[in-house]
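The values are calculated or read from the model by the stated rules, or taken from the named source; none is laboratory data. These numbers were taken from a predicted model, which means no experiment stands behind them. Here the Cβ is made from the backbone with ideal geometry for all residues, glycine too, and neighbour counts use every protein chain on show. Each accessible area value is taken on the protein alone, full model and side chains, heavy atoms only, with ligands, DNA and RNA left out. Shrake-Rupley method; radii C 1.70, N 1.55, O 1.52, S 1.80 Å.
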Amino acid sequence: DTAVSQTPKYLVTQMGNDKSIKCEQNLGHDTMYWYKQDSKKFLKIMFSYNNKELIINETVPNRFSPKSPDKAHLNLHINSLELGDSAVYFCASSLRGVLQETQYFGPGTRLLVL
Amino acid sequence: AQTVTQSQPEMSVQEAETVTLSCTYDTSESDYYLFWYKQPPSRQMILVIRQEAYKQQNATENRFSVNFQKAAKSFSLKISDSQLGDAAMYFCAYEGGSEKLVFGKGTKLTVNP
């Protein structure tokens, strides 16, 4: 059983295009995240949603727009792709509460912008 | 803002030996969580071990254990009886009241046969 899944796993596209990455979790978690891992392997939070509500929005260009249709899904749409957007994007989920729960990660989506 | 520092970009260990990966962090919070994640070449992020700051006892998971020094803000990972499958990038991470993970830059571990 896949806990946190992302599609696609690989995405190669031209500069200026618009693309989306989908994320789904079947863990019953209520909080989902997007992280970006750059070419130097550095991981940084981009967004976090709790029960479809945006709770974390780091300094990310407006070209990036997360959408959460329900608490099991968090998609990432990127407009006007730039070379610098090339990275691995990870979705994660956790159960928010009094006791903070571990974040579980999806397999990542490697985005290459040409 | 919280920061996490991993001072060893690369480490190597002989199979069956023990290796310790270092991690220090900076925070003004008293309640927080610390994690070690492993990222093998498959790039999947795998949780290795987790430590709650309010617990004095060091967490252990089979061959993996931590040395948590809260006053020194240090959180090192010890891998005993290293196996070839332990070769990976290891990331130390902090989670406090903001509920976002703050990662260190990672340590690449090589296991030599």
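A few remarks follow.
- In this assembly, the A-B interface accounts for approximately 2100 Å² of buried accessible surface in total, computed with a 1.4 Å probe and without ligands, DNA or RNA.
- Here the range A:4-113 has 51 percent of its accessible surface on carbon and sulfur atoms, given a 1.4 Å probe and all protein chains in place.
- Annotation: for a label point projected 7 angstrom from Cα along Cα→Cβ of A:Asp38, residues of the range B:71-113 with backbone N closer than 14 Å are B:103-106.
- log10 of Debye I(q)/I(0), alpha-carbon scatterers only, for the range A:14-60 at 0.15 Å⁻¹: -0.53
- Hydrodynamic analysis of chain B uses the Kirkwood radius over alpha carbon pairs. Inserted into Stokes-Einstein at 25 °C and 0.890 mPa s, it gives a translational diffusion coefficient of 174 µm²/s.
- Think of the range B:3-112 as having a plus end and a minus end, set by charges on the Cβ of Lys, Arg, Asp and Glu; of B:Thr20, B:Pro41, B:Ala53, B:Pro41 sits farthest toward the positive end of this dipole.
- Dipole magnitude of chain A, debye to nearest 20 (Cβ charges: Lys/Arg +1, Asp/Glu -1, about Cα centre): 220
- Difference of contour (0.36 nm per residue) and Cα-Cα distance, B:Ser12 to B:Ala72: 19.1 nm
- Within the accessible area of the range B:9-73 (1.4 Å probe), percent carbon and sulfur: 44
- Each Cα pair under 8 Å and six or more residues apart adds its separation to the average, and for the range B:3-112 the resulting relative contact order is 38 percent.
- Projecting the Cα atoms of A:Gln25, A:Thr7, A:Val60 onto the charge dipole of the range A:1-76, computed from C-beta unit charges around the Cα centre, puts A:Val60 farthest toward the positive end.
- Cα-derived Rg to Rh of chain A, Kirkwood definition: 0.96
- Annotation: peptides B:103-109, A:32-38, ranked by per-residue average of other Cβ atoms within 10 Å with the highest first, follow the order A:32-38, B:103-109.
- Accessible area per residue in Å² at 1.4 Å probe, computed on chain B: 48
- Subset of A:Lys67/B:Lys70; A:Lys36/B:Lys55; B:Lys38/B:Lys70 violating a 29 Å alpha-carbon distance limit: A:Lys67/B:Lys70; A:Lys36/B:Lys55
- For chain A, the relative contact order is 36 percent, taking Cα pairs closer than 8 Å that sit 6 or more residues apart in sequence and dividing their mean separation by the residue count.
- The alpha carbons of the protein assembly as shown give a radius of gyration and a Dmax of 17.7, 52 Å, in that order.
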